[in-house]
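Below is one structure, written out as structure tokens; comments come after it.
The values are calculated or read from the model by the stated rules, or taken from the named source; none is laboratory data. All figures in this text were calculated on a predicted structure; none of them were measured in a lab. When we count neighbours, we look across all protein chains shown, and the Cβ atoms used for this are built from the backbone with ideal geometry, even at glycine.
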């Protein structure tokens, strides 16, 4: 089965489970093999849903976590922490690769010149 289509069907079914409404499993045009795979995955999803129960953290835990996160954020800000920048890191990597390739080209040209080719 197309993984994208399978993902969409399972996401739709998961939404239905979360909203306590059944999803239209029979509305999809699937082969017998794909339908068997989908039914087994839906069965697993329903078993997981029936087993797991929502849990809400206590007020004390939420306030402690919030305090710790804010303290850490203030400390990082005071230390001058800057979050990772993937674009900058990619630019640096590309510059390094370019330098290495240029160096290899120069060395190759010198070697070829010294051999008289």
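Across the stretch 15-51, which residue is modelled with the lowest pLDDT among those that are assigned to a loop (DSSP other than H, G, I, E, B) and surrounded by 12 or more Cβ atoms within 10 Å (Cβ to Cβ)? Talk me through it step by step, then tell me what you get.
Taking the stretch 15-51 as the starting set, the residues that turn out to be assigned to a loop (DSSP other than H, G, I, E, B) are 19-24, 28-31.
From the residues that got through so far, the ones that are surrounded by 12 or more Cβ atoms within 10 Å (Cβ to Cβ) too are 23, 28, 30.
Numbers: 23: 56, 28: 67, 30: 74.
Filtering first and then ranking leaves 23.
Might you check whether a residue that is under 26 Å from the mean Cα position of the chain (by Cα), surrounded by 10 or more Cβ atoms within 10 Å (Cβ to Cβ), farther than 30 Å from residue 15 by Cβ and not assigned by TED's automatic domain parsing to the domain that holds residue 20 occurs anywhere in the stretch 93-112? Working first, answer last.
Start the filter on the stretch 93-112 by keeping residues that are under 26 Å from the mean Cα position of the chain (by Cα), which leaves 93-94.
Restricting the remaining residues to those that are surrounded by 10 or more Cβ atoms within 10 Å (Cβ to Cβ) gives 93-94.
Among the residues that remain, those that are also farther than 30 Å from residue 15 by Cβ are: 93-94.
So of that shortlist, the ones also not assigned by TED's automatic domain parsing to the domain that holds residue 20 come out as 93-94.
Taking every residue of the stretch 93-112 in turn, at least one turns out to be under 26 Å from the mean Cα position of the chain (by Cα), surrounded by 10 or more Cβ atoms within 10 Å (Cβ to Cβ), farther than 30 Å from residue 15 by Cβ and not assigned by TED's automatic domain parsing to the domain that holds residue 20.
If you go through the stretch 52-68, how many residues are closer than 30 Å to residue 10 by Cα and at pLDDT 90 or above?
Result for the stretch 52-68: 2.
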